[in-house]
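Below: the structure, in structure tokens.
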Amino acid sequence: QVVLVEYGIHTFSVFIVLISRHWFYLVINLPLLAYHIHKFVNQRYLVDEADILRPRVLAQAKKESYIKTSFYGLLFFAYTYSLLSFAFTSLISPQNLSAVFKGLFGRPLL
């Protein structure tokens, strides 16, 4: 059941990226979305409790979880960088900088 929540959250985030037209992030997310859809359609996301104790299945599950965790970590830093760069560039524009100084000191900067 937890896997379905992960798939749903990732599908929702890809949908949000599609609506906001961030094509770079959409292209980055599409392979993992296709992998999730493939696993869901073939019902390979279901793992028996006894199966996971087999060394081959455990090694494969660990490898998959390491790769997905690394991917999600890289996406987190990419999204954070994008958010901060947008915030700083919009804050440092001359019109906004003048408005900030006017609000802080009561007089315009320029």
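With the simple spin-label model, which puts each label point 7 Å out from Cα in the Cβ direction, the Lys68 to Arg56 separation comes to 2.1 nm.
Highest average first, the peptides 41-47, 72-78 ordered by how many other beta carbon atoms sit within 10 Å of their residues are 72-78, 41-47. Accessible surface of His36, taken over heavy atoms with a 1.4 Å probe and every protein chain present, rounds to 10 Å².
Spin-label pair Glu6-Thr80: with each label point 7 Å from Cα along the Cα-Cβ axis, the two points sit 2.1 nm from one another.
Does anything in the range 53-83 have its amide N under 11 Å from the 7 Å Cα→Cβ label point of Ser20, and if so which residues? Zone members listed by number: 79-83. Over the range 28-87, the hull volume per residue, using the convex hull of the C-alpha atoms, is 91 Å³.
Each of Val47 and Phe88 was given a label point 7 Å from its Cα along the Cα-to-Cβ line. The distance between the two points is 3.9 nm.
The values are calculated or read from the model by the stated rules, or taken from the named source; none is laboratory data. Because the structure is predicted, anything quoted here is derived from the model rather than measured. Using ideal geometry, Cβ is built from the backbone for each residue, glycine included, and neighbour counts are taken over all protein chains shown. For the accessible areas, the whole protein counts, side chains as well, though only heavy atoms, and no ligand, DNA or RNA atoms are used. Shrake-Rupley method; radii C 1.70, N 1.55, O 1.52, S 1.80 Å.
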